[in-house]
Amino acid sequence: MNKPFAVYKTLQKLLLPALLLAATITRAQEFGGNPPSLKWKQVNTPAAKIIFPAGMDSAGVGVANIIQQMNGLIKPTIGFKQKQVSIVLQNQTTVANGYVGLAPFRSEFFLTPEQNSFDIGSLPWPRQLAIHEFRHVQQYNNFNVGLSHTLHILFGEGGQALGNDLSVPNWFFEGDAVFNETHVSEQGRGRIPYFFNGYRALWAAGKNYSYMKLRNGSYRDFVPDHYPLGYMLVAYGREQYGDNVWKNVTHDAAAFKGGFYPFQKAVKKYTGEDFKTFTNNGLSYFKEQFAGSDINVETPSDAPKHFDADREYPAYINDSTLIYMKSTYDHIPAFIIKTGNKERRISTRSYSIDNYFNYHDGKVVYASYRPDPRWGYRNYSELMLLDIKTGKEHRITNKTKYFSPAFSADGKRIVAAQVATSGVSELHLLNINGELINALPNPLKLFYTYPQFYGDDKLIAAVRDAEGKMTLALIDIATGATKYLMTLSFRPIGFVTVKNDDVYFTRTEDINDRLFVLKLNTNQFYELLPSEKVSSIGYYQPAIADNKLAWVGFTASGYQINQVNKKDLKWIAAGSEYVHYLPDMGIKALERDSSANMLSNVIDKPLPVTNYSKGHGLFNFHSIIPNISDPNYSFAITGENVLNTFQSELSFDYNRNEGYKQFGFDAIYGALFPYISGGVDYTLDRRQFYKGNYVYWNETSIHGGLQVPLNFSAGKHLTGLTFGSDVYFNQTNFQQGNAQRFNNRSYAYLNNTISFSNQTQAARQNIYPRLAQSISLNYKSAITGAGATQLLASGTFYFPGLVTNHSLVVNVAHQQKGKNNVIGFSNNFPFSKGYTAESLDEMNKIGLNYHFPFAYPDAGFGNIVYLLRLRGLLFFDYTRATADNFFTNGSNFKQNFRSAGAGVFFDTKFFNQNSISFGIRYSRLLDDDFFGGTGRNRIELVLPVTFF
């Protein structure tokens, strides 16, 4: 066979299943993530069924009312198809997020808001999720057309997911949802300057990246994600071509009208502009909105060519020394001290959801993320205390949800914002050991962000009220009494710092996030501006020393710290000329129809709340996933319930070599501890050549077992342990004609597994973590009907290479079978590369692998494939295998299987959507391939497996 054709056929076999799996599982969330003690309620409306934990009735009813009243108003801009979606409100997490996914069709809202109001906004978090995520529901409902609908019929919801992913770019999904949140509210990211900072920084630096680079990102350059790109193009389209333009474009695209490049062709059809012109015009439109404001932004001549680092949250040790967080693409976040131009690393940061920290007198306090050992939807934000002299840290709170901690002036107390599972926000005062002193009352039901001490008896924080409006608040520690220091508005406020009687903070003003100071003793309010041009966008995270002021601004090479002498600052009285509204960034379409600012008019109607049964819809089959890997042809009907506690699969497999057919059913229930799994397989027409004739038989296999998954991740390490045991029963029945020569037989065996993994955090460019271990043990033992055992122990160990981003990976494995095995267990031994593997009595292997990147092309073609990185592999494998009584004369088998070689791997994006890594590997066999073909040179196409 012609080699290039063979490679093409191999890619054809691998690519479609890979894309289908990417389309169906990328939005998968935690399996069995909530404890069984959690009781569920529901509000049922035609558009959405809202499912929530008992006690969260107000959140559930509120989300239902928003969706029910918003749905009819915004349908015309996307389409009128409607299928009810189930939305699960998760209140045990600390990460602000939400998603809507197909396969199965459901949504989850993670209800803990983030502290940074500039990032997503300050609207009440369940409302923000409702107006953004439900737009995704409408998208999926109306993209079930044409070829996407045909794929839905053939392959279920996973088929539609594949069709939609290949036809409608992900930037449209998110850009349209951001437009909706901005359109129906008085805020939304389309009105928040922070949302556009990435593109403003690129424009200011003169970086005009290609559309494909903006779509796919980079390992060496900063590229904004697809949210702002999507919003700018969606908003420009609606502004210039009317509110129905995207309904028409996406309908044609999802239907694949026009064949290849359906989205681009639809844009041309409904706007009259070719796609490249449209995208250029859309970005230019927004560039013009910021042109006047960014005229004072100056990129230094010595600015880094590529991404340098994010330097965030500066704190002054003295006028000449700063401490801050530094994150690069090749190193994980670390605390840094800088004196003059010299940086010194103190310690890497424990795993956290943001880079915020607070400093006082040689100590740093910050919030670290830690998952619950068992329940994946439950995680914590715990306080860590770091000594900058020793670099040692320790956890001072346990199983808490604390955010933005800050020291008191004497360093003996800490204040932190606490968010309960009920959604209630409180300010907690702790001693230096993390013990709770006092929880302040919150009668106004405010959401607290970035609290700071003011003297010994008061606190100052940026707060959000029940509508999402923000102000600075002065809070009395003794009584909890709250005084607003400014007028409430939807302009985000944050990054509060107090120095003597002055409160420094960032607030949105028009199309910029600006730096202000409020003098508490005189109640005077000023904007602070440097006297010269600046080299960054925005004024965030102010830090104040006796004579200096620092802030963080954004650049094309990362967040950078700016410093000025206080005496060189301009103090501008912030009077009535300062606007009290958020800008529309030149998009008048935001106010164009009756659904504009609809959120403020939602009527909180009483809706019936009923119990939701955990057993509802357990067998929710949603997709058919085919897999073609000659000689095996299979498809599986997969199912998963809305609460993600039960997964099931019906499967059919056909093996072309043997001609057998296998029908199977497998299921796992994860709502208890441990998981419970079970399944049955029935195989027809298995055959084996015996003494000149084929022998045929049928097999029935039944299995069930228990599995315990544990997550011990904490601090700087991500650690997991899973162990379990399954019992398998197998019945073999020989078919008519063979039954007289062979006796039917049955046997049972135990399959026991233990797997352990531990790794340090990995930076963006790291191929693998610098230090990591993955160890697994598998022991199979017959218990009835036959005597047989098999032990497989394997481990993979990761070490730093000679250069940053290089990795040395060592694989070891040992497999031992019983001397008189009657049963042939499945063989999962990681044999030396290039050889035809065989299961033998005893096998031992060591493999040395050296991985290294050597190019970052940041290039693609035709919006089909984009190449992010090329990386190389050098390897040596040694396997020693033995078997007793192997040959017909009764002699034993002993053989070495050594191979060495190299490979090139390609980290790519296909269709600007799906990340796929594949490689070409050359193996030189140093010994004979006893069980395979001839020749010592092997070239293979490889889809690499990632253990972490």
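The values are calculated or read from the model by the stated rules, or taken from the named source; none is laboratory data. It should be emphasised that the depicted structure is a prediction, and the values quoted were computed from it without experimental measurement. Glycine also receives a Cβ, built like all others from the backbone with ideal geometry; neighbour counts cover every protein chain displayed.
The rows are residues; the columns are (1) at pLDDT 95 or above; (2) of a type in the set (Val, Ile, Thr).
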position	(1), (2)
GLN662	no, no
LEU672	no, no
THR683	no, yes
ARG686	no, no
GLY704	yes, no
GLN707	yes, no
LEU721	yes, no
ASN730	no, no
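If I filter the stretch 339-351 down to residues being part of a loop (DSSP other than H, G, I, E, B) and touching a residue at least 24 places away in the same chain (Cβ under 8 Å), which single residue comes out as surrounded by the most Cβ atoms within 10 Å (Cβ to Cβ)? Step through it out loud before you land on a result.
So the first thing to find is which residues in the stretch 339-351 are part of a loop (DSSP other than H, G, I, E, B), and the list is 340-341, 349-351.
Filter once more, keeping what is touching a residue at least 24 places away in the same chain (Cβ under 8 Å): 349-351.
Working: ARG349: 24, SER350: 21, TYR351: 19.
The selected residue is ARG349.
Among the conditions (1) assigned to a helix (DSSP H, G or I); (2) touching a strand residue (DSSP E or B) at 6+ places or on another chain (Cβ under 8 Å); (3) at pLDDT 95 or above, the only one that ASP308 does not satisfy is (1).
Determine whether the stretch 118-127 contains at least one residue that is in a strand (DSSP E or B), at pLDDT 95 or above and either touching a Lys or Arg at 6+ places or on another chain (Cβ under 9 Å) or not acidic (Asp, Glu) (or both). Let's see the steps before the verdict.
Taking the stretch 118-127 as the starting set, the residues that turn out to be in a strand (DSSP E or B) are none.
The answer is no; no qualifying residue exists.
Selection of first residues in the stretch 520-538 that are touching a residue at least 12 places away in the same chain (Cβ under 8 Å) and of second residues that are aliphatic (A, V, I, L, M) and not in a strand (DSSP E or B), restricted to Cβ pairs under 7 Å at least 6 apart or on distinct chains, gives the following pairs, ordered by first then second residue: PHE525/ALA574; TYR526/ALA574; GLU527/ALA574; ILE537/ALA201; ILE537/ALA204.
Here's the yes/no breakdown for (1) at pLDDT 95 or above; (2) part of a helix (DSSP H, G or I); (3) among the charged types (D, E, K, R):
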residue	(1), (2), (3)
GLY206	no, no, no
SER218	yes, no, no
PRO228	yes, yes, no
MET232	yes, yes, no
ASN248	yes, yes, no
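Is there a residue in the stretch 146-161 that is closer than 30 Å to LEU446 by Cα, assigned by TED's automatic domain parsing to the domain that holds ASP57 and of a type in the set (Ser, Thr, Tyr)? No: zero hits. The residues listed here are PHE646, PHE665, PHE673, PHE621; of these, the one that is in contact (Cβ under 8 Å) with a residue 60 or more places away in the chain and under 20 Å from ASP726 (Cα atoms) is PHE673. Taking the criterion of being under 24 Å from ARG924 (Cβ atoms), β-branched (Val, Ile, Thr) and more than 35 Å from the chain's Cα centre (by Cα), the only residue of the stretch 792-838 that qualifies is THR836.
Could you list all residues from the stretch 117-155 that are polar (S, T, N, Q), farther than 22 Å from TRP171 by Cα and buried (at least 24 other Cβ atoms within 10 Å of the Cβ)? Give the steps one after another, and end with the answer.
First, the residues of the stretch 117-155 that are polar (S, T, N, Q): 117, 122, 128, 138-139, 141-142, 144, 148, 150.
Subsequent filtering for residues that are farther than 22 Å from TRP171 by Cα retains 117, 122, 150.
Hits for the stretch 117-155 are SER117, SER122.
Among the residues of the stretch 36-94, write down those that are free of Cβ contacts under 8 Å to residues at least 12 places away in the same chain and under 29 Å from ARG370 (Cβ atoms). Residues satisfying the conditions are SER37, SER58. The set of residues from the stretch 381-395 being hydroxyl-bearing (Ser, Thr, Tyr) and closer than 24 Å to THR112 by Cβ comprises just one member, SER381. Among (1) in a strand (DSSP E or B); (2) without any contact (Cβ under 8 Å) to a residue 12 or more places away in the chain, there is one condition TYR359 misses while meeting the rest; what is its number? Against the list (1) in a strand (DSSP E or B); (2) without any contact (Cβ under 8 Å) to a residue 12 or more places away in the chain, TYR359 comes up short only on (2). Could you go through the stretch 311-331 and let me know if any residue there is part of a helix (DSSP H, G or I), aromatic (Phe, Trp, Tyr), closer than 26 Å to GLY198 by Cβ and modelled with pLDDT of 95 or more. For the stretch 311-331, residues part of a helix (DSSP H, G or I), aromatic (Phe, Trp, Tyr), closer than 26 Å to GLY198 by Cβ and modelled with pLDDT of 95 or more: absent.
Could you list, in sequence order, the residues of the stretch 139-157 that are in contact (Cβ under 8 Å) with a residue 24 or more places away in the chain, more than 16 Å from ARG106 (Cα to Cα) and in a helix (DSSP H, G or I)?
Filtering the stretch 139-157 for residues in contact (Cβ under 8 Å) with a residue 24 or more places away in the chain gives 139-149, 154-157.
With the extra rule that they be more than 16 Å from ARG106 (Cα to Cα), the set shrinks to 145-149, 154-155.
Listed by number, the residues that qualify are GLY146, LEU147, SER148, HIS149, LEU154, PHE155.
The strands (runs of 3 or more DSSP E) found entirely in the stretch 386-490 include none that carry 3 or more residues being touching a Gly at 6+ places or on another chain (Cβ under 7 Å) and aliphatic (A, V, I, L, M).
Within the option set GLY156, GLY163, GLY175, being of a type outside the set (Phe, Trp, Tyr) and at positive phi holds for one residue only, GLY156.
All of (1) without any contact (Cβ under 8 Å) to a residue 60 or more places away in the chain; (2) surrounded by 14 or more Cβ atoms within 10 Å (Cβ to Cβ); (3) closer than 30 Å to ARG220 by Cβ hold for PHE861 with one exception: (2). Here GLY824, GLY834 are screened, and the one residue that is out of contact with any strand residue (DSSP E or B) (no Cβ under 6 Å at 6 or more places or on another chain) and in a loop (DSSP other than H, G, I, E, B) is GLY824. Across the stretch 359-374, the number of residues qualifying as surrounded by fewer than 21 Cβ atoms within 10 Å (Cβ to Cβ) and either charged (D, E, K, R) or on the phi < 0 side of the Ramachandran plot (or both) comes to 7. Residues in the stretch 761-780 that are modelled with pLDDT of 95 or more and either assigned by TED's automatic domain parsing to the domain that holds ALA855 or in a strand (DSSP E or B) (or both): ALA772, GLN773, SER774, ILE775, SER776, LEU777, ASN778, TYR779.
Just the residues that are hydrophobic (A, V, I, L, M, F, W, C) and within 19 Å of VAL498 (Cα to Cα), please, taken from the stretch 431-460. Spell out how you get there, then give the answer.
Step one: filter the stretch 431-460 for residues hydrophobic (A, V, I, L, M, F, W, C), giving 432, 436-437, 439-440, 444, 446-447, 453, 459-460.
Passing the criteria: PHE453, LEU459, ILE460.
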